[in-house]
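What follows is calculated from the coordinates using simple rules that are stated; it is not laboratory data. Remember, it's a predicted structure, so these values are computed and weren't measured experimentally. Ideal geometry is used to build each Cβ from the backbone, glycine not excepted, and the neighbour counts take in all protein chains shown.
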Amino acid sequence: TDLGLKNGVILGLTPIFLDRDALFRPELAQYGKPDKFGRVMLQGNELALAINGAFSYIKPDPELKNALKEGRLKTRDDVRREVTRILSDESIRKPRILQFFHEYFDYDLAGGVCKDAKALRVAGGGGNFPNIMFGMTASLDRLVELIVQEDKQVLKELLTTDRIILDPGSDRLYFSTRENLKKPPPRDKKDKKKKPTPDELGQIALPKGQRINVRIPAVKYTGGSKIRTLVKVPKDERMGILTHPSWLVSHSDAMDNHAILRGLWIRNRLLGDSVPEVPITVDAQLPDEPKKTLRERMRVTRENACWRCHRKMDPLGLPFEMYNHLGLRRTTELGKPVDSSGEIIESGDPALNGPVKDALEMIEKLSKSERVEQVFVRHVFRFWMGRNETLEDAPTLQAAHRAYKENNGSMKSLLTSLLSSDAFLYRKVEQNTSCCCKV
């Protein structure tokens, strides 16, 4: 109110228009004759901007400009040619693809999660925690880009990969099993007398000068910067993005894990289901009981009024209790063995339903489901079309999923199908309904 109406509106709108996603491209579809459905295909500069905007915020590359200038950007085949070319050219930056995976997995929120200092120390973290999380997110970005570049079973690989990109400093602690920190890695009998290499031991310096051994198998350096290495982790400890510390911390709170948020993510993003918002009459807080585990404190969600919704989330989130709220793997909580069991119910795929012993078994089951694959395609559609799907979009979604499956889980084939579809290329135009009858 102190600024006045005009300045107040300007101040309120400024952050919106500084966000590049708030900028609108003209898509008036003014050229061409409407088809029988009243649609016109995008043409000229509008089409070029739409193709470029699907991948980048910077200006179109010279080849796309030349195709427009020379009249080679008019048909669906022309669009498919240009999309395929852009996707295949690694020299062309395509930040929108990484942005999609940020928004789909929500793993880039970790650095902004404010951790209680005492809870951080108890869980095994240090004072540099936010910077470590930002660094881990950057490393995970590189892994996502690598998997997209390989373009084979992209969703399944993102969910189940045993690879991580590791900063050989503090990252090693977060990817280790705390109970095994002081144990040397397993070695062949013939090598027992041979001194382990630093890479095999994963030795790092701790604040007090002591050294620890972290059980991460050394592998041949395969790329990345000087301080990051592509390594493999034991598949009985980690599996894909959902067990990466960045994702686990992004779906935690200041003091503890957040099994409800994690279960809600699985329900929404992998199973394609929804859960109603918390009623305003409900005090949605767990009891403050420091000597009880999270699972024990979550007994309140089993009350009749709550369980109708929580039954769809809690059993999907509790399997991640095998990791603490910093993303470190654990086998005990408050001196008790961790219970990481859960259950998949009402998934829409009878083969998925049933109990799971932990997060790894649940992820493995989900990664093999065609329904999960279809839900993923639906989220890709929503991101690149900028809207939810409708019943009329069924042929587009089916064709996109078919392209993905027939090309060995290819993200590039999926995007090519969507970006050359009617949903992307055509716009409905207003018909002239002016009345010329005499009164």
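For region 286-439, the Kirkwood estimate of hydrodynamic radius, built from reciprocal distances between every pair of different alpha carbons, is 19.5 Å. Rounded to 0.05, the FRET efficiency of the ILE58 and PHE37 pair, given R0 = 41 Å and the Cβ-Cβ distance, is 0.75. Residue separation of PHE17 and ALA254 scaled by 0.36 nm, minus their Cα-Cα distance, works out to 82.2 nm of gained length. With a Förster radius of 22 Å applied to the beta-carbon distance between ASN66 and ASN407, the computed FRET efficiency rounds to 0.20. The stretch between ASN388 and LYS336 holds 14.2 nm of extra length on full extension. This uses 0.36 nm per residue minus the Cα-Cα distance. Packing here is the average count of other Cβ atoms within 10 Å per residue, and on that basis the peptides 112-119, 422-429, highest first, run 422-429, 112-119.
In a simple Cβ point-charge model (Lys, Arg +1; Asp, Glu -1; nothing else charged), region 300-439 has a dipole of about 360 debye relative to its Cα centre. Taking a point 7 Å from the Cα of LYS118 along the Cα-to-Cβ direction, the residues of region 278-304 with backbone N closer than 14 Å to it are 288-291. Rounded to the nearest 0.05, what FRET efficiency do GLN99 and LYS291 have when you use their Cβ-Cβ distance and R0 = 41 Å? For GLN99 and LYS291, the calculated efficiency is 0.45.
Protection proxy ranking for 391-402, 322-333, using the average of other Cβ atoms within 10 Å per residue and placing the highest first: 322-333, 391-402. From the alpha carbon centroid of region 405-422 to that of region 113-162 is 27 Å.
Spacing of the modelled spin labels on ASN45 and SER88, each 7 Å from Cα toward Cβ, amounts to 3.0 nm.
Annotation for ASN268 and LYS152: the two label points, set 7 Å from Cα along the Cα-Cβ direction, are 3.4 nm apart.
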